[in-house]
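Here is the structure we will look at, set down as C-alpha cells.
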Amino acid sequence: MLKAAMEPAATPEGQLNEDELLRAALSAWADQTQELLRWIETQGDAVSDTRTPKQVMALGSFRTHLVMGLKALRYAEG
C-alpha cells in the first residue's frame, strides 16, 4: 500500500500530471516576472516621481528578489 501511495497517480489521456502542471505554472510565472522586470526597467527614474524614497527602495528590493527567484528557477531546472 505504501508503494502505491508513492507512485504518481495515473492521469487520463490528454490531461497534465502534477509535474507538468507545476512546470507550466512556473513557466507562466517566469514569463510574467520577466515582463514585470522589463516594465520596471523602462520606468527608470520616473518611478520615483510618484513614490516616496522608502517605496522606491522597497521596489528595488522587490526587483532584486524577483531576479533571484528567476535565477533559482533556472538552477532548479538545470
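Here are the numbers for the structure shown:
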read-out: Principal axis box of the range 16-67, alpha-carbon based, largest edge first, Å; value: 46, 18, 15
read-out: Accessible surface, per residue, of the range 14-78 when the full set of protein chains is kept, probe 1.4 Å, Å²; value: 81 Å²
read-out: Nitroxide proxy distance, nm - points 7 Å out along Cα→Cβ at GLN34 and ARG74; value: 1.0 nm
read-out: In Hz, Karplus ³J(HN,Hα) per residue of the range 61-71 (6.51, -1.76, 1.60; θ = phi - 60°; x = Gly, Pro); value: 5, 4, 4, 4, 5, 5, 4, 5, x, 5, 5
read-out: Neighbour net charge for GLY60 - beta-carbon separation under 12 angstrom, K R +1, D E -1; value: +2
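The values are calculated or read from the model by the stated rules, or taken from the named source; none is laboratory data. Since the structure is predicted, the reported quantities are computational estimates derived from the model, not experimental observations. All Cβ positions, glycine included, derive from the backbone under ideal geometry; neighbour counts span all protein chains shown. The protein model used for the area step is the full one, side chains on, heavy atoms only, and it has no ligands, DNA or RNA in it. Shrake-Rupley method; radii C 1.70, N 1.55, O 1.52, S 1.80 Å.
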